[in-house]
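Structure first, then comments.
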Amino acid sequence: HTDQVLAVAVLPGGARFVSASWDKTAKLFTFGGELERTFEVGSVVYSIAALPGGTQFVVGLGAGPSHGEVRLYHVDGTLAHTFRGHVDTVLALAVTRDGQRVVSGSVDKVAKVWGVASRFLVSTSGHFESVLAVAAMPDGKRFLSGSQDNTVRVWLLDGTLENTFELHTRNVIALAALPDNQHALSASSDKTVKLFNV
């Protein structure tokens with residue numbers, strides 16, 4: 001890349017990964033370092049996530065003409081769909097295990113769930129400040145969102161709020177769901193990582 005790399009995602013199959021950059025591109029690489037394809041996105045690519053089939057990925061966009069879009073790309077270079085609904089930078093993305101839903105988090109203070117097959121917005125869930133992190137639970141029924149409001153929230157995919165956790169004293173900037181479907185990790189600018197039961 002010619003500018004900061006902001007996110008990476010491994011494509012299922014373990015042979016390739018995609019990267020997102022301030023240089024307004026996404027790039028597809030092999031783990032041997034070979035560049036397979038450059039996706040000229042036209043806006044800063046802040047977030048990226050791979051779909052389980054290994055042939056598609058999503059990017060979340062910021063500064064530029066496509067500000068706030070979530071785009072679904074095929075690894076062959078084809079733009080499969082553009083999800084529009086956010087009104088500010090998309091900082092975080094996650095994909096459900098079955099690949100049927102994409103979760104996006106934005107500076108506009110909301111997390112959105114999108115249907116991959118239907119191409120429709122499924123739900124919108126809110127925080128009091130920017131959504132900095134999202135993670136899909138292994139059960140495919142829930143997701144987590146972390147925010148600049150210092151909270152972690154647990155949602156059903158339909159947007160129903162299940163729980164709010166006040167685990168941190170500053171921004172929640174990263175989340176990871178554990179395979180047991182009961183626990184997750186949250187990381188914060190308060191210099192801590194928390195393990196919690198969702």
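Mind telling me which of the residues 103, 87 ends up being at pLDDT 95 or above and assigned to a strand (DSSP E or B)?
Only one candidate qualifies: 103.
Looking for something of a type in the set (A, V, I, L, M, F, W, C), assigned to a strand (DSSP E or B) and over 20 Å from residue 111 (Cβ atoms) - is there at least one such residue anywhere in the range 57-71?
Checked the range 57-71: no residue is of a type in the set (A, V, I, L, M, F, W, C), assigned to a strand (DSSP E or B) and over 20 Å from residue 111 (Cβ atoms).
Out of the range 94-118, which residues are open to solvent by 50 Å² or more (accessible area, probe 1.4 Å), polar (S, T, N, Q) and touching a strand residue (DSSP E or B) at 6+ places or on another chain (Cβ under 9 Å)?
100
Out of 13, 77, which single residue is among the small types (Gly, Ala, Ser) and open to solvent by 40 Å² or more (accessible area, probe 1.4 Å)?
13
Which condition breaks for residue 54 when tested against (1) of a type outside the set (D, E, K, R); (2) modelled with pLDDT under 95; (3) open to solvent by 10 Å² or more (accessible area, probe 1.4 Å)?
The one condition residue 54 does not meet is (3).
In the range 5-31, how many are modelled with pLDDT under 95 and among the small types (Gly, Ala, Ser)?
Within the range 5-31, residues that are modelled with pLDDT under 95 and among the small types (Gly, Ala, Ser) number 3.
Checking the condition of a type in the set (S, T, N, Q) and touching a residue at least 40 places away in the same chain (Cβ under 8 Å), which residue from 47, 21, 43 passes?
That would be 47, the only listed residue that is of a type in the set (S, T, N, Q) and touching a residue at least 40 places away in the same chain (Cβ under 8 Å).
Anything in the range 37-51 that is of a type in the set (D, E, K, R) and surrounded by 13 or more Cβ atoms within 10 Å (Cβ to Cβ)? List them, or say none.
37
Let me confirm something: among 121, 157, 91, which residue is closer than 26 Å to residue 54 by Cα, open to solvent by 60 Å² or more (accessible area, probe 1.4 Å), in contact (Cβ under 8 Å) with a residue 24 or more places away in the chain and in contact with a Phe, Trp or Tyr (Cβ under 7 Å, 6 or more places away or on another chain)?
Every option except 121 fails the conditions.
Being more than 15 Å from the chain's Cα centre (by Cα) and crowded, with 19+ Cβ neighbours inside 10 Å: is that true of residue 25 here?
For residue 25, the condition - more than 15 Å from the chain's Cα centre (by Cα) and crowded, with 19+ Cβ neighbours inside 10 Å - is met.
The values are calculated or read from the model by the stated rules, or taken from the named source; none is laboratory data. These numbers were taken from a predicted model, which means no experiment stands behind them. Quick reminder, even Gly has a Cβ in these numbers, built from the backbone with ideal geometry, and neighbours come from all protein chains shown. When the accessible area is computed, the model is the full protein with side chains, heavy atoms only, and any ligands, DNA or RNA have been set aside. Shrake-Rupley method; radii C 1.70, N 1.55, O 1.52, S 1.80 Å.
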